[in-house]
Structures are given as C-alpha cells and as structure tokens.
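What follows draws every value from the coordinates through simple rules; no lab data is involved. All figures in this text were calculated on a predicted structure; none of them were measured in a lab. Note that we place each Cβ from the backbone using ideal geometry, even for glycine, and neighbour counts take in every protein chain shown.
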Amino acid sequence: MIRGIVAGLAAGGLWGLVFVAPRMAAGFSPVDLTAGRFLAYGLVALAALLAGAGTRRLPTFHQACAAAGMSLPGFTGYYLLLVLAIRDAGTEVPALVIGTIPLWVMLLGKPGDLRWRALAPGVALTATGLALMMAAPASGQAGAHFLRGVALAIASLACWTAFALLNSAWLKRHPQVSLTDWANWLGVATGLGALGLWLAAGSAPAALLAQPGLGRFALLCAATGFGSAWLATILWNMASRRLPASLCGQLIVSETLFALLYSFAWDGRWPTQAQAAACVLFTLGILASVKAHR
C-alpha cells in the first residue's frame, strides 16, 4: 500500500508541473508549448510501440479513428485551453478549476443508487473554495483578461471531463484492447495532432530557434511530455492496481495541491489567507465527494 500511495503522489507531482510550465516558458506561445509537450509524448509512445513490435497490436481503422478523435479533447485541446487560461488568470484559479474534474466525473457518472443529498456537502465546499480563490486574485490579475482566463479554464475542464467519460465508455465496450496498447495509440495520435497544430499555428522554426530560453523550453516539453503524460500514467496505473478506488480518488487531489505549491514557489511567496482558506475548502470538498461514493 505504501508503494501505491507513493506512486499516486508522484503522479500528482508530475501532473502538477503542467500548470506552472507555461509561466516558466513565458516567452513561448501556447501553441508551441502544447505542440512541444505532445510531440514528446507521441515520440515516447511510438518508441514504446516499436520496442514491443512483436507483441503490441496495431489499431484497426476504427480504433485509430477513435484514438484520434479522443486525443483532441483529452490532450491537445485540453492543454492548449489550459495554457491560455494560465496566461490570462495565473496558475492558482485554473489549477482549482481543473482540480474539480474528479467531482464532475463523479457527478456525471453518478451511480444510480447514490443520492444527490450525499453529494451536497462536497459540492458546497468545493464551490465555496473556488469562489473564495476567484474573489481574491493575485495582484495584476483582476480585470477582463482574468475572467477570460477563468472561462478558458472551464472550457479546458469540459474537454477533459468529456474525454474521461468517453474514454471510460469506449474501454468498457472494447475489453479486448489492452490498456497499454490504448495508451500508446492515444499517444501517437496526440503526437500527430500536435505536429499538425504546430505546422498550422506554431512559430516558424527559425523564430523558435532564435527565441531566448530555448533550452528551458525544450526541457519543459520533455518533462511534461515524458514525465507528466507518459510516466505519470504508468505511476497512476501502479497506484490504481495497488490501492482501493476510494483512496486513489483522494490522491487525485495531490495534482492540484502540487500545482499550487509549484506556483507559489515560482512566485517566491506564501499564499494569502484567502487563498490558503480556499485550498483547504477545495480539498475538503473533493474528499467529501469521494467519501460519499464509498
């Protein structure tokens, strides 16, 4: 169990990195950062497929189309919207908005025997925490661009929530497809989509190479592509295999908490009292929602 908890927390730490990466590569466009991250993910997935060429299945036409279709909301679209949201609203509020994904997935996929009354405390705590964080944005974030960032974060949330529900339903309808094969097919599809995104709207190669901080940008793309996408998925699968589903649900909260920790560390400041209270309320809300599903 200890190994499972450590693996789950490590996955959360890697996922949290994607929230501060756009600020660490502030001179690069959201398109370049999104494309760079998922090109790295696609290359890792392709290498994994080639390494197991004798044992890995290739997708059928319909399976390839499903992977391509779900890679757009689940990876490229989700992260591009998130990077834009962080550009406009900073890290803290988008991190909390995205952190409600487990709650929305639970609400939309609610078991028939679970009463709405049982979910009310968690929903109320989470909503209060979000409202408190958005009512006290960091200096320089207030204004129309901040509200636009919140809207983009909500759109990003909608993309990944839709992906989570569609992905779960697809896997249940196709039990013959292994989880490893599906993850690699999604990775290759995401990498191809990222390449198309960069060719259509990314910076010209000469401009990209001349950009200051190119080394940091490349390192962040590798860290978020290899680490936050491919490796984090492996760690999360390890946690899911070793731990009860209810405990895994609680560990998802670590993604948001790591994102906030990285953000405050990057800024070199402590959270305000309102922000700290919002984090506590948000965490309690998610845990209350998970408890209601036990």
Notebook entry, point to check: For the chain, what is the mean residue ellipticity at 222 nm derived from helices alone (per DSSP H run of n ≥ 4: -39500 (n - 2.57); sum divided by total residues; nearest 500 deg cm²/dmol)?
Noted result: -25000 deg cm²/dmol
Notebook entry, point to check: Tell me, in nm to one decimal, what length is gained between residue 117 and residue 265 on full extension, where the rule is 0.36 nm per residue of separation less the Cα-Cα distance?
Noted result: 49.4 nm
Notebook entry, point to check: What is the gain in length, in nm to one decimal, between residue 274 and residue 128 on full extension, counting 0.36 nm per residue of separation less the C-alpha to C-alpha distance?
Noted result: 51.4 nm
Check: Efficiency by 1/(1 + (r/R0)^6): what FRET value for residue 3 and residue 287, r their Cβ-Cβ distance, R0 = 22 Å, to the nearest 0.05?
Finding: 0.50
Margin query: 7 Å from Cα along Cα→Cβ at both residue 166 and residue 210: what's the point-to-point distance in nm?
Written below: 3.9 nm
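If you place +1 on the Cβ of every Lys and Arg and -1 on the Cβ of every Asp and Glu, how big does the dipole about the Cα centre of the range 2-292 come out, in debye to the nearest 20?
580 debye
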Notebook entry, point to check: Here are some values of Cα extents along the principal axes in Å: [x] 57, 40, 33; [y] 47, 45, 35; [z] 52, 52, 33. Which one was computed from this structure?
Noted result: [z]
Note to self: Among 26-37, 189-200, how do they line up by average Cβ neighbours within 10 Å per residue, starting with the highest?
What the structure shows: 26-37, 189-200
Next item on the list: Pairs of Cα atoms under 8 Å, at least six residues apart: use those to get the relative contact order of the chain, whole percent.
Entry: 48 percent
